[in-house]
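Inspection log for the structure reproduced underneath, given as structure tokens.
The values are calculated or read from the model by the stated rules, or taken from the named source; none is laboratory data. Everything numeric in this text was worked out from a predicted model, so none of it was measured. In this analysis, Cβ positions are derived from the backbone assuming ideal geometry, glycine residues included, and neighbour counts consider all displayed protein chains.
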Amino acid sequence: MKQFIIRRLLIMIPVFIGISMIIFGLIHSTPGDPYITMLDPNITEADREAMLNSIGYYDPLPVKYIKWIERAIKGDLGYSIRYKEPVADVISRRIGNTLLLSVTALVLSVLIAVPLGIVSATKQYSVFDYVATILALIGLSIPAFFFALGLIKVLAFDLGIFPISGIETTGANYTGMKRVLDVLHHMALPIIVLTFVQTASLMRYTRSSMLEVIQQDYIRTAKAKGLSERVVIYKHALRNAMISIVTLISLSLGGLLSGAVLTETVFVWPGMGTLVYQAILNRDYPLVMAGTMLLALCVLFANLLADIMYAVVDPRIRYE
Amino acid sequence: MDKNILQIEGLVTEFSTSEGKVTAVNNIDLNIKKGKIMGLVGESGCGKSVTSLSIMRLVPKPYGNISKGKILFKDKNLLDLNEEDMRKVRGNDISMIFQEPMTALNPVFTIGYQIGEVLELHLGLKGKENLNRCIGLLEKVGIPRPEKVVHEYPHQLSGGMRQRVMIAMALSCNPELLIADEPTTALDVTIQAQVLEIMKGLSKELNTAILLITHDLGVVAEMCHDVAVMYAGRIVEEGNVKDIFMNPMHYYTKGLMASRPNLVKKGERLKCIPGMVPSLHNMPKGCAFEPRCSNPMDICKEKMPELIEYENGHKVRCWAVEMEGNRNHGR
């Protein structure tokens, strides 16, 4: 197992370099000049060319890439063109906000979806199952941004229960407990949107894997042993259904940093999703590079975690 | 006379399907004597497995339903028990082993855990004592290195070993009745013999009665004291193993005996019973075997014959036998 993890980590290095080359190439082949707004419009064409030359704007792509990766390895991710400060600073300011939102939503949806899915499966075709199925189908088919706008209209605008957007009340400068409550208040709507959408698919998944497991022979064996329905379902069946559920959850961790671009945009949540999206629009190369590479790293680690978790929950899987 | 450990009286088990209600087990009477091995023989789909699941009250809900009858275990009707009392019977007084050892064990728990679970549930054994008993049970069913196997997972064992584990699990609380639903069908022949030998030996040692469900007549001859032959949800012939094999009376049983491959000489075709088991949706009005019978009569189409006892507890459900019996009686 230890060897497997080390080997996987080593394999990740060339994969990661490959990803960085592709992203770098794609970003730099998009048309447009990001420096146009940076420079004084009154300088002469020759001065402008000289300045662009000096920062390496006209270097061939491989040279640019090597320069970037040299600095990146040393921990220097460059200087954001738009924010005019180091990329690392910009990202570290935003990443917490995104994690706050996505981790909370993921935890909530696991806590809600798994029990609901189990009950739905054990009481298949009951009223509960039908209601849960209908809600899940709504959750699966409604676009997140539309649901978000609906919530803003009803809960924030009409009823005024929640703030419309942002992460805290601007200008209030709350501290301590008051600030925590203020952020929680702002979090509520985006959390509802993200949780609802994730719960829907995870619940359907839990339901179908439970249904599959419940029909297995070993469930009949467990019942024939005289075990109670509770032990049969929550120990013998769930432990098997968990194999695929845990894999799905681990894989979804990869989307934690990027999964909520639309929701973040609608609620003007200062997170990674909006940051990278804005950076792409502004051709803020260093920021886009760092942001996307971070997301790629997340996905790679999530895949590794999924493989590890798979072996943890299923004794038949052993990595030699 | 031996005391009955299990008496089934007029058991009817129905399934509701999209095409309507079907009767999988139709008015079955069956007695299993204490410590004896009873064979239940028949083709696929004749209701053998449903009978066994009915005894355990594990007929899959909500489609299956035991609608009539009594299942008396030591003179108390299992069908009257509440779910909690029934659970105390399962795995403790009556236990069961299944056809497919490859899938009947839970893949994510160790052998020791799965056997230990029964010991803890019914006997309250915990910890070291539980583990030692598990190892002892594995040893009893002939598993080599039991102290190692107890910590292994089902996928690390072969089919024969897994079926031994199932037997160890089923016998862990010294049940008075073991229901074995085609326990050797999925195993290869040499392993079959070993597994059957273990079951037979333990039955004798622990005085456990066995209801052995099979379609292998060789296994029946080897193992059983009594046999019941089922066809399309009903028992068509019942008696002790010698009578059934030496003097089969029902035409279905005769057909089964004749189609055993070991009676065929080289180059000769295997004998078979022509036709198919009637669909449960579309049962003939009279005898269900009439369309395939080698001696059909007019009355067979019209009326289902009764299961009638002849000599020595040998019961047959057949018009031809009944009429002949009457004639003999009249003479």
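Looking only at the stretch A:85-98, decide whether some residue is more than 18 Å from A:Leu294 (Cα to Cα), out of contact with any strand residue (DSSP E or B) (no Cβ under 9 Å at 6 or more places or on another chain), hydroxyl-bearing (Ser, Thr, Tyr) and in a helix (DSSP H, G or I). No, the stretch A:85-98 contains no residue that is more than 18 Å from A:Leu294 (Cα to Cα), out of contact with any strand residue (DSSP E or B) (no Cβ under 9 Å at 6 or more places or on another chain), hydroxyl-bearing (Ser, Thr, Tyr) and in a helix (DSSP H, G or I). Only a single criterion out of (1) closer than 25 Å to B:Asn92 by Cα; (2) more than 10 Å from chain B (Cβ to nearest Cβ); (3) surrounded by 15 or more Cβ atoms within 10 Å (Cβ to Cβ) is not satisfied by A:Tyr234, namely (3). Taking B:Met102, is it at pLDDT below 90 and touching a Lys or Arg at 6+ places or on another chain (Cβ under 7 Å)? Against the criterion (at pLDDT below 90 and touching a Lys or Arg at 6+ places or on another chain (Cβ under 7 Å)), B:Met102 qualifies.
In the set B:Leu72, B:Leu30, B:Leu58, only one residue is in contact with a helix residue (DSSP H, G or I) (Cβ under 9 Å, 6 or more places away or on another chain), buried (at least 16 other Cβ atoms within 10 Å of the Cβ) and assigned to a loop (DSSP other than H, G, I, E, B); that residue is B:Leu58. Going by the structure shown, is A:Thr195 away from chain B (no Cβ under 14 Å), touching a Pro at 6+ places or on another chain (Cβ under 9 Å) and of a type outside the set (Phe, Trp, Tyr)? Here the answer is no, as A:Thr195 does not meet what is asked. Against the test of being under 30 Å from A:Tyr234 (Cα atoms), surrounded by 14 or more Cβ atoms within 10 Å (Cβ to Cβ) and among the hydrophobic types (A, V, I, L, M, F, W, C), the options A:Met210, A:Met187 yield a single qualifying residue, A:Met210. What pairs can you find where one residue is in the stretch B:82-104 and more than 7 Å from every other protein chain (Cβ to nearest Cβ), the other is among the β-branched types (Val, Ile, Thr) and assigned to a helix (DSSP H, G or I), and their Cβ atoms are less than 7 Å apart, with a gap of 6+ or different chains? Close Cβ pairs (under 7 Å, with a partner that is among the β-branched types (Val, Ile, Thr) and assigned to a helix (DSSP H, G or I)) amount to B:Ile94/B:Ile55; B:Ile97/B:Ile167. For the stretch A:218-231, the condition of being aromatic (Phe, Trp, Tyr) and either over 26 Å from A:Val107 (Cβ atoms) or modelled with pLDDT under 90 (or both) holds for at least one residue. Residues in the stretch A:59-94 that are among the hydroxyl-bearing types (Ser, Thr, Tyr) and surrounded by 11 or more Cβ atoms within 10 Å (Cβ to Cβ) were compared, and the one that is modelled with the highest pLDDT is A:Tyr65. Suppose the filter is assigned to a loop (DSSP other than H, G, I, E, B) and buried (at least 18 other Cβ atoms within 10 Å of the Cβ); does A:Ile118 pass it? Taking the combined requirement at face value, the residue does not satisfy it. Of all residues in the stretch B:92-132, those satisfying the criterion of being over 28 Å from A:Val313 (Cβ atoms), of a type outside the set (A, V, I, L, M, F, W, C) and over 25 Å from the mean Cα position of the chain (by Cα) are B:Gly124, B:Glu129, B:Asn132. Filter the stretch A:200-231 down to the residues that are among the basic types (Lys, Arg) and more than 24 Å from the chain's Cα centre (by Cα), then identify the one that is farthest from the other protein chains (Cβ to nearest Cβ). Across the stretch A:200-231, the extreme among qualifying residues is A:Arg230. Here B:Thr253 meets the list (1) crowded, with 23+ Cβ neighbours inside 10 Å; (2) not in a helix (DSSP H, G or I) almost entirely, failing just condition (2). For the stretch A:37-84, a residue qualifies if it is under 23 Å from A:Met293 (Cβ atoms), among the basic types (Lys, Arg) and touching a helix residue (DSSP H, G or I) at 6+ places or on another chain (Cβ under 9 Å), and the qualifying residues are A:Lys64, A:Arg82. All of (1) among the charged types (D, E, K, R); (2) buried (at least 17 other Cβ atoms within 10 Å of the Cβ); (3) under 30 Å from B:Ile111 (Cβ atoms) hold for A:Arg316 with one exception: (2).
Of the residues making up the stretch B:261-271, those that are surrounded by 10 or more Cβ atoms within 10 Å (Cβ to Cβ), touching a helix residue (DSSP H, G or I) at 6+ places or on another chain (Cβ under 9 Å) and not basic (Lys, Arg) are B:Leu263, B:Leu270.
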